[in-house]
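Notes follow once the structure below has been shown.
The values are calculated or read from the model by the stated rules, or taken from the named source; none is laboratory data. Here the structure is a predicted model, which is why all the values come from computation and not from measurement. Because the Cβ atoms are built from the backbone with ideal geometry, glycine has one as well, and the counts that use them run over all protein chains shown.
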Amino acid sequence: MQKEKFGLKTLNIKRMTFEDLEDVYNIEKLSNPTPWSKTSFSDCLKGFYQNLIVTLDSETVAFCIMTINFTESHLLNISVHPDHRHKGIGEILLETSEKKSINKGVSDIFLEVRESNKNAISFYKKNGYKYVGIRKNYYKNISGREDGLIFTKHLKISKLNSLYNQMTYMITSLLKIRN
Ligand SMILES: CC(C)(COP(=O)(O)OP(=O)(O)OC[C@H]1O[C@@H](n2cnc3c(N)ncnc32)[C@H](O)[C@@H]1OP(=O)(O)O)[C@@H](O)C(=O)NCCC(=O)NCCS
């Protein structure tokens, strides 16, 4: 899907499949204090989600899950294996996910992040995301619950991509009415 040289290795960004579930789940367990279940990942694969993984040669090192709706994308999860952080992989994956939204005419991405997750907050800020609000007690943690901070980024989309988005929306709506 997207291949580039990454040091001596080849970095590949591709669609997640059921065969990747075990690797993705392992990264999740190492990355999230309250990890998603394997079933949650499996449900994302069955639904209309954008599920991407990054491989370095044959090793799966990161994943990203996003929903893309009419004008908005929601970044649900992005994680890089701890052995491969601070190498720019998260940024490459985030950029690819944003480009996919842009191609579909989506103008805004939003996400929630734990208030305590300072690394991820720096990561999002570095990549142009702006804090817009708070969801009280949104996340579970070991001592109870913590707030989720909402960040958004406005994407620049071309007239052509915007037109594509409107056409897709109209066709989907018509199909829904017919069914
Ligand atoms: C957040 C995460 C995805 C970042 O991935 P990454 O590949 O390590 O990030 P990158 O190397 O692409 O970093 C890009 C920039 O983000 C910022 N950043 C990333 N990690 C950071 C950290 N630990 N501390 C401070 N800034 C950080 C830096 O500005 C960095 O740029 P720099 O290297 O020029 O300083 C990764 O740390 C991760 O998987 N964390 C655990 C899961 C998680 O918290 N996901 C987000 C849930 S909302």
In the range 140-172, residue farthest from residue 112 (Cα to Cα) [restricted to those that are modelled with pLDDT of 95 or more and not charged (D, E, K, R)]: 154
Pairs where the first residue, in the range 84-108, is under 17 Å from residue 27 (Cβ atoms) and free of Cβ contacts under 8 Å to residues at least 40 places away in the same chain and the second is of a type in the set (D, E, K, R) and part of a helix (DSSP H, G or I), C-beta under 9 Å, 6+ apart: 91/126
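Residue-by-condition table, conditions (1) more than 14 Å from the ligand (Cβ to nearest atom); (2) surrounded by fewer than 20 Cβ atoms within 10 Å (Cβ to Cβ); (3) among the charged types (D, E, K, R); (4) in a strand (DSSP E or B):
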| residue | (1), (2), (3), (4) |
| --- | --- |
| 52 | no, no, no, yes |
| 63 | no, no, no, yes |
| 87 | no, yes, yes, no |
| 92 | no, yes, no, no |
| 100 | yes, yes, yes, no |
| 106 | yes, no, no, no |
| 109 | no, no, no, yes |
Conditions (1) more than 14 Å from the ligand (Cβ to nearest atom); (2) farther than 14 Å from residue 89 by Cβ; (3) loosely packed, with under 12 Cβ neighbours inside 10 Å: number failed by residue 57: (2)
Restricting the range 69-85 to residues that are crowded, with 16+ Cβ neighbours inside 10 Å and within 8 Å of the ligand (Cβ to nearest atom), the residue that is nearest to residue 129 (Cα to Cα): 75
Scope the range 112-133; condition near the ligand (Cβ under 10 Å from one of its atoms), crowded, with 16+ Cβ neighbours inside 10 Å and closer than 25 Å to residue 4 by Cβ; matching residues: 120, 123, 124
